[in-house]
Each structure stands twice: as C-alpha cells, then as structure tokens.
Amino acid sequence: SGSGKVSFATAQDAIDAVKQELADTGFSEPDLQFEAYPLNHQDLAELEEQVVQLGHITADRRKASWTEEDDAYLVYAYQLHNGIPILHQWMSIYRVMAQDTPDNAPVTAVYSGRGIEKLLISTVYQIEDTQKTLALKDFDEIAGVVEEKHENILNDASYTVTRAKLFQMVHLNEKQEYAVDPVWYFEVMEDGKSSSVTLVNAVTGKEKYLQ
C-alpha cells in the first residue's frame with residue numbers, strides 16, 4: 001500500500017505551479033483557496049486496479065508500470081468572497097451535487113514531475129458587493145430548523161450533524177438573475193451510515209430545498 005508521500009515537490013510547489021499556469025493563461029484569479037493532496041505511484045496503481053475491478057476500464061488499458069515518475073499532487077482551489085467560501089449554483093439545486101467535497105471545487109489540477117498534466121476550471125463567479133448589510137440569525141435558531149426537520153421524519157433513525165459551515169450561495173432569483181445569499185450548510189449523518197446535506201438561509205432561517 002502506498003504511503004501517500006511524494007518526494008519530487010512540496011504541496012506548496014504544486015500550488016505555486018497551478019497559480020502560475022492560471023496566470024499564464026490569462027485567468028483573472030478571483031479569491032481562491034488552494035489545497036494539494038499527494039498521490040504516489042503505489043496509490044495510483046491501487047486506484048487503477050479498483051477502476052479495472054469495477055469495470056470502468058478493461059485490463060488491457062492498464063498502464064504498463066507505475067514508477068516514482070508518476071508521483072503527483074491533486075490540487076484543488078475553492079472560491080472565496082470576503083473570506084467566505086462560495087457554494088456554486090448546482091450545489092444549491094441538486095442533492096447529489098450538494099456535498100462540500102473536492103469534486104465540487106471550481107479549479108482542479110494534476111501536477112507531477114513532468115509539470116501540470118491536467119487543469120480544469122469550471123464554475124467561477126465575478127461577484128460585485130452591493131454594500132448592503134445583512135443581519136444573520138443566531139446560529140442556535142438556524143440549528144433549531146435542522147433539528148425540527150429531522151424530528152419530523154417518521155422513522156426510528158438517529159440523526160447527527162457532523163459538520164456546519166457558512167457559505168455564500170449563488171442561485172437564480174425570481175427574475176432569473178444571479179444572486180448571492182449567506183447560507184448555513186449542514187452535513188447530517190443517518191444512523192452513522194449515510195450523509196445528507198441541509199441548507200438553511202442564514203438571514204431568513206428558511207430551508208433551501210434540494211431536488
């Protein structure tokens with residue numbers, strides 16, 4: 001099993017390389033928060049084996065061999081606005097896309113000793129401040145909304161909030177224009193097994209229902 005460590009570069013080297021590539025491509029960088037995770041060649045070989053076992057690729061498509069030259073970093077960047085992370089539009093609509101995971105990061109890259117091997121930029125917003133001051137409800141009141149929702153579910157399951165985080169949620173308003181609202185994001189575990197997301201508007205205290 002792989003150690004998860006790589007020696008060809010540091011996580012900061014990988015992040016700096018991605019930042020430089022973004023600058024070189026003329027990408028006007030909004031406020032992004034970067035994270036980098038090492039993937040060594042042994043981990044990648046194991047990952048490939050799992051993909052083969054699941055039938056996503058055939059055995060003959062396997063890479064001939066994995067060596068230290070294949071060690072890499074997976075680099076993710078999340079957009080911030082006034083220091084608060086952005087919940088992009090699809091995360092606030094579809095339940096299957098609502099989880100705050102690296103899969104939903106607007107910038108993802110793979111960096112190895114060969115340089116940047118992949119760079120994907122998806123949903124990044126240019127946000128204008130309206131200078132409007134919003135009064136957020138007390139967190140206890142917001143948490144009460146989540147508690148009441150799960151108390152009203154008629155089953156014997158036990159529910160535990162495992163994570164709560166404040167986001168700025170991008171969505172389309174009644175006029176079909178982009179708008180941004182502060183929202184509390186909760187991850188709720190059912191019987192210690194499956195996790196779901198509940199979003200509650202931080203100003204109104206109303207749940208934002210997911211499809």
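Just the number, please: carbon plus sulfur as a percent of the accessible area of segment 68-139, 1.4 Å probe, no ligands or DNA/RNA counted. Before the final figure, lay out the partial values.
Working: 2100 of 4240 Å².
Carbon plus sulfur share of accessible area: 49 percent.
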- Antiparallel DSSP bridges in the chain: what percent, to the nearest 5? 95 percent
- Provide Ser195, Ser122 ordered by accessible surface of protein heavy atoms (probe 1.4 Å), highest first. Ser122, Ser195
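Label segment 1-140 by shape, choosing from rounded, prolate and oblate, from the square roots a ≥ b ≥ c of the eigenvalues of the Cα gyration tensor; if a/c is under 1.5 it is rounded, and otherwise prolate applies when a/b is larger than b/c, oblate when it is not. Please list the in-between numbers first.
On the way: a/c = 2.46, a/b = 1.73, b/c = 1.42.
Because a/c hits 1.5 or more and a/b exceeds b/c, segment 1-140 counts as prolate.
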- Message: Please give me, ordered by residue number, the trypsin sites (Lys or Arg not before Pro) of segment 26-112 that lie in loop per DSSP and have at most 13 other Cβ atoms within 10 Å.
- Response: Lys63
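Taking K and R as +1 and D and E as -1, what net charge do the other residues with C-beta under 15 Å from the C-beta of Asp70 add up to?
On the way: positive: Lys5, Arg62, Lys63, Arg114, Lys118; negative: Asp43, Glu46, Glu48, Glu49, Glu68, Glu69, Asp71, Glu117.
Charge balance in the 15 Å sphere: -3.
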- Message: Could you report the accessible area of Ser158 in Å², rounded to 10, computed with a 1.4 Å probe on the protein chains as they sit in the structure?
- Response: 60 Å²
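Pairs of Cα atoms under 8 Å, at least six residues apart: use those to get the relative contact order of the chain, whole percent.
On the way: 347 pairs, mean separation 37.8, N = 211.
Here the relative contact order equals 18 percent.
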- Excluding ligands, DNA and RNA, what is the solvent-accessible area per residue of segment 25-128 at a probe of 1.4 Å, expressed in Å²? 58 Å²
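Test of the criteria: in segment 146-211, which chymotrypsin sites (Phe, Trp or Tyr not before Pro) are in a DSSP loop and have at most 15 other Cβ atoms within 10 angstrom of their Cβ?
Details: sites: Tyr159, Phe167, Tyr178, Trp184, Tyr185, Phe186, Tyr209; in loops: Tyr209.
Of the chymotrypsin sites (Phe, Trp or Tyr not before Pro), the ones in loops of segment 146-211 whose Cβ has at most 15 other Cβ atoms within 10 Å are Tyr209.
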- For segment 136-192, listing GluC sites (Glu not before Pro) in a DSSP loop whose Cβ sees at most 14 other Cβ atoms within 10 Å gives Glu174, Glu177
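The values are calculated or read from the model by the stated rules, or taken from the named source; none is laboratory data. Not measured: the values here are computed from a predicted model. Please note: Cβ atoms are built from the backbone with ideal geometry, for glycine as well, and neighbour counts cover all protein chains shown. Side chains included, ligands, DNA and RNA excluded: accessible areas come from the protein's heavy atoms. Shrake-Rupley method; radii C 1.70, N 1.55, O 1.52, S 1.80 Å.
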